[in-house]
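Below is one structure, written out as structure tokens, with a few remarks after it.
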Amino acid sequence: MKKVDLPKTYDAKKVEDGIYRQWEESGFFNPDNLPGDRKESFAISMPPPNATGILHTGHVTMLAIEDLMIRYNRMKGKKTLWLPGTDHAAIATQTKVEKLLAKEKLSRQKLGREKFLRRVDQFVADSRDIIRKQTKRMGSSCDWSRERFTLDEGLTRAVKEAFVRMYDDGLIYRGHRIVNWCPRCQSTLADDEVKYKNQKAKLYYFKYGLFEVATTRPETKIGDTALAVNPKDKRYKKYIGQKLDVDFGKVKVQVKVIGDEAVDPEFGTGVVGVTPAHSQVDYQMAEKNKLLVIQVIGQDGKMTENAGPYAGMSVEKCREAFLNDLKSAGLFIKEEEIDNNLSVCYRCDTPVEPLTSDQWFVAVDKPFKLKDKSKLGWKKDTATLKELAIHVVKSGKIKIIPERFEKVYFHWLENLHDWCISRQIWYGHRIPVWQRSQKHKNTKTQKQEIYVGVNNPDGEGWIQDEDTLDTWFSSGLWTFSTLGWPASAKASAGEANDLKLYHPTSVMETGYDILFFWVARMIIMTAYCLNNIPFKVVYLHGMVRTDEGAKMSKSLDNALDPLKVIEKYGTDALRLSMILGVTPGNDFKLYDEKIAGYRNFVNKLWNISRFVIQEVGDLKLIKGKPAVKTLADEWILNRLDKTASEVSKNLDEFQFSLAGETLEQFTWNDFADWYLEIAKIEKNKDEILLYVLQNILKMWHPFCPFVTEEIWSHFNSDKLLMIEEWPKTVIARSKATKQSHVADFEFIQSIITAIRNLRGENKVEPAKLVKATVVSKNKKDLIESQTEIIKKLARLEELNVETGHAPSPQDANIISAIITGAEIYLDLSGIIDVEAEKKRVAKEIAETENYIKTIEAKLANKEFVENAPKAIVDKEKEKLAGQKEKLEKLKNNL
RNA sequence: GGGCAUAUAGCUCAGUUGGUUAGAGCGUUCGGUUCACAUCCGAAAGGUCAGAGGUUCAAAUCCUCUUAUGCCCACCA
């Protein structure tokens, strides 16, 4: 039998790549190749990172948690699929490439649609490659053979299918509406793609016909078609309904005075110029009051023809010119500085320009006929998208963790407006709508034709809609489009099978920041396309923050680079620090010391294994529970059982942090600090050492797969740890035996700790051996049976066990400790510090007296004794007796 | 303006449906070249559980209010 020689320190860098290759080559990332008969399936759709570049700490969190769930369920014998992919991230990616082009003094307009898209494809191919490598670096056990991209042929087909079906059902329509327009991206933005920036703004006051008006956007007043006041405002009530001609110097406008509750009489002058084409609120007023909508700002951010003399000016120039003209005409009154929320594009920070245009929308409040009501548990024949999305969470079909986000989810949905899905950018899924105008044969009039379909239209003259779809439209289909939906005639049997096997997916794990963007939209789209849910559980993780609590961001240059962390500490350490000490849905801090701490733990695990591996002869796998020889054996096996059942329970309940901490406690404190030390004394424990270690490694594997797999490779096993069976908690012995053995061992532990404590307090050098006497009325046999262990672990040269007779407490060389069930006396002749010892005992007496008082007070309380369960009261009584005994002995020994 | 979260040892966080003298890791102090590990070992100190009220025999835990911080939603022309 050859001895395995392991290095003293675990070197993550040396082994990680090789291990990942082994996993990959094993084929077990693909559920089709997993051994055994796996009936139950477990699937996670990996939230696809944007195809814009590198992974950040958020992705790393996602990968660590999902791989944990995947590996756990794979080991539990489920048919486990983790499907990876990337999102084309339309606006984000296009913006990124445009920035790159700008460096070459190029623009997408100069290149033209075709060439530009080729450039984007090139960029995306590179990005995806980087993302793939980084994902592997994290140890992610995802099925690369099923990797998908939102612009893949199959997914594009799914997007078209969804669009066409929704169009046919009347859920997608074209409307002329006010939308958020980003002049830089040259595209619309959804409401939730608009962010707000607090800033100082100027509020300008000027004469507006009979009135005075205050506004931060004077240039838009050229497009005013009404003047709004609060209907309750006594100052202006009488004017409601009047029509006015207003002169702004160089331009004139005609407005109608309307009343609207939305007007705050306290703000400015209490009179608002209504600009329906360039303000959401004004647009709503215009709809109510049937006002004209005049667009004065164009999509290019310049004033339109409707702006008369200002046409062609940029918004900023026009504002300046307009204000000057007001001043010349004597209409200008004053300006004030106010706090203002500027709306900006979430991608490029450019101020958003609300304006009206023709766009495609998804109707969220329009009922449609359901093909299949059963899976959703919906009673009526028809439903709206909004109703279904609310229903599936309310009815518990989808569970959100942590629960509090359900409230946020409902609130968001209840206030959801029709979803604008068209974007005026080039990169993305082109809208499958074509138009052509044909001259009517006889009448020679023009006839407009429209074609909406999955396949390109036949015939001449068709022109496809220039716009592309909101990127979330395709990501909304992610859980099922990646599994082969729609199962067309062309689809292989395997693909159709995937959808059946893995959908609805088991868990959607993602950051709470995209609950609305993505999670809600997946629920909506799946409810429509499949009449089903996309996943059973939504697990939301928090955001990673710096040690100072700041958000990590590229612009602040405070973000930890996962790759650098991996270089320095290893992947396992990074993974552990994203899982332990973290609460679901709560932000958490990530910093060097924390990661270093888990690097230390990984190394500890390595050294525990190193010890066992060097200690035992035959590195075989231990299948059944090994034979028990000593009390310590009994104890460690019971602790292992308990740990395994707790860890499994925690993992099943998505309490990942707790699971890890439980395991860490057992591994380091119980197994390493106690049992391994005892193993050095009691010897001949090969089977138990291997058994416990192998179980520990199995349980750690989902948390830190690399180091555990590496250690596993030294056992005589033909299987990878990755596909080993998760520990079953079989407790053969009776519970009572188990309890008493555990308690017995803990009693021995408390004796050892008490002696160590006495030594420490009296500054006895660790190497110095001392004599001890332990007095115990009824545990003499137990203590004597563990003499060897106590002597070695407490560094004693002699241990006497007595039932009654104690050494003379008056001897100044004897120090003592009282624990439940025993008194301990140490002979410290020649090394005792008498004063320090007296102080220590006096302190302990004071503490004990205090404690007795609190228990006595409790027991003196009649209502406590009468109302509390008997077990609780008895426990208190027991405690009191114990403490009183302790106090007496302490006083005796002083 | 509406909502949510957080507030526990110097720091980072646990604390499950109310019942231990409130825990862990880091840091601190003291002591250690014990033949797996100094990325380690042994021991200790350190908390009125943000504040005030309430429910209860019993509250870090449940309720109300207050304070501080953070986030989300809406948005002011």
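Data for the structure
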{"read-out": "Accessible surface ranking that places the most exposed of A:E725, A:E593, A:E336, A:E161 first, with a 1.4 angstrom probe", "value": "A:E593, A:E725, A:E336, A:E161"}
{"read-out": "Distance between modelled label sites at A:R118 and A:R174, nm, 7 Å Cα→Cβ extension", "value": "3.1 nm"}
{"read-out": "DSSP bridge orientation in chain A - percent antiparallel, rounded to nearest 5", "value": "70 percent"}
{"read-out": "Accessible surface ranking that places the most exposed of A:I818, A:I514 first, with a 1.4 angstrom probe", "value": "A:I514, A:I818"}
{"read-out": "At 0.692 mPa s and 37 °C, Stokes diffusion of the range A:120-260 via Kirkwood alpha-carbon radius, µm² per second", "value": "153 µm²/s"}
{"read-out": "FRET E, pair A:H714, A:K500, Förster distance 41 Å, beta-carbon r, rounded to 0.05", "value": "0.50"}
{"read-out": "Heavy-atom accessible area per residue - the range A:619-736, 1.4 Å, Å²", "value": "38 Å²"}
{"read-out": "For the range A:861-874, 3J(HN,Hα) per residue [Karplus equation, 6.51 cos²θ - 1.76 cosθ + 1.60, θ = phi - 60°, Hz, x = Gly/Pro]", "value": "6, 4, 5, 5, 5, 7, 9, 6, x, 4, 4, 5, 5, 4"}
{"read-out": "Rg to Rh quotient for the range A:582-649, alpha carbon positions, Kirkwood Rh", "value": "1.10"}
{"read-out": "With Cα atoms, 0 to 90° folded angle of helix A:735-761 axis to chain A main axis", "value": "80 degrees"}
{"read-out": "Pairwise Cα inverse-distance average, inverted: Kirkwood Rh of the range A:738-809 (Å)", "value": "12.8 Å"}
{"read-out": "Diffusion coefficient, µm² s⁻¹, Stokes-Einstein with Kirkwood Rh over alpha-carbon pairs of the range A:391-511 at 25 °C and 0.890 mPa s", "value": "132 µm²/s"}
{"read-out": "Length released on extending from A:K625 to A:K777, taking residue separation times 0.36 nm less the Cα-Cα span", "value": "51.2 nm"}
{"read-out": "Ordering of A:774-786, A:454-466 by packing [mean C-beta count within 10 Å, highest first]", "value": "A:774-786, A:454-466"}
{"read-out": "Pair A:D192, A:E784: separation of 7 Å Cα→Cβ label points (nm)", "value": "7.3 nm"}
{"read-out": "Carbon + sulfur, % of accessible area of the range A:680-730 - ligands and nucleic acids excluded, 1.4 Å", "value": "41 percent"}
{"read-out": "Largest to smallest principal axis extent of the C-alpha atoms in the range A:63-128, angstrom", "value": "56, 20, 17"}
{"read-out": "Ratio of the Cα radius of gyration of the range A:262-356 to 2.2 N^0.38 Å, where N counts its residues", "value": "1.19"}
{"read-out": "Dipole-positive endmost among A:P562, A:V213, A:L101 within chain A (Cβ charges, Cα centre)", "value": "A:V213"}
{"read-out": "Inter-label distance for A:K202 and A:F864, nm, one decimal - labels placed 7 Å from Cα along Cα-to-Cβ", "value": "7.2 nm"}
{"read-out": "Solvent-accessible area, 1.4 Å probe, carbon plus sulfur percent, for the range A:133-260", "value": "46 percent"}
{"read-out": "Relative frequency of Cα-Cα separations exceeding 25 Å in the range A:711-869, percent", "value": "52 percent"}
{"read-out": "For the range A:667-720, fraction of C-alpha pairs farther apart than 19 Å, in %", "value": "32 percent"}
{"read-out": "Semi-axis lengths, Å, the range A:272-428, gyration tensor of Cα atoms, sqrt of 5 times eigenvalues", "value": "43, 18, 16"}
{"read-out": "Only Lys, Arg (+1) and Asp, Glu (-1) charged, at Cβ; chain A dipole about Cα centre in debye", "value": "1740 debye"}
{"read-out": "Cα extents of the range A:202-269 along the three principal axes, largest first (Å)", "value": "33, 28, 16"}
{"read-out": "Cα-based Kirkwood hydrodynamic radius, the range A:455-560, one decimal, Å", "value": "16.8 Å"}
{"read-out": "Solvent-accessible area per residue, Å², over the range A:505-575 with all protein chains present [probe radius 1.4 Å]", "value": "35 Å²"}
{"read-out": "³J(HN,Hα), Karplus 6.51/-1.76/1.60, whole Hz, each residue of the range A:93-103, x for Gly, Pro", "value": "5, 4, 4, 4, 5, 4, 5, 4, 5, 4, 5"}
{"read-out": "Largest to smallest principal axis extent of the C-alpha atoms in chain A, angstrom", "value": "119, 68, 58"}
{"read-out": "Protein-only accessible surface order, largest first, of A:Y283, A:Y239 at 1.4 Å", "value": "A:Y239, A:Y283"}
{"read-out": "Fraction of alpha-carbon pairs over 17 Å apart in the range A:1-103 - percent", "value": "69 percent"}
{"read-out": "Segment A:Q242-A:L563, extension gain: residue separation times 0.36 nm, minus the distance between their alpha carbons", "value": "108.8 nm"}
{"read-out": "Solvent-accessible surface (1.4 angstrom probe) belonging to A:E788, in square angstrom, nearest 10", "value": "100 Å²"}
{"read-out": "Contact order normalised by residue count of the range A:25-151, Cα under 8 Å, 6+ apart, percent", "value": "40 percent"}
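The values are calculated or read from the model by the stated rules, or taken from the named source; none is laboratory data. The shown structure was predicted, so the numbers you read here are calculated from the model rather than taken from an experiment. Note that we place each Cβ from the backbone using ideal geometry, even for glycine, and neighbour counts take in every protein chain shown. Surface areas here come from the heavy atoms of the whole protein model, side chains and all, with no ligands, DNA or RNA. Shrake-Rupley method; radii C 1.70, N 1.55, O 1.52, S 1.80 Å.
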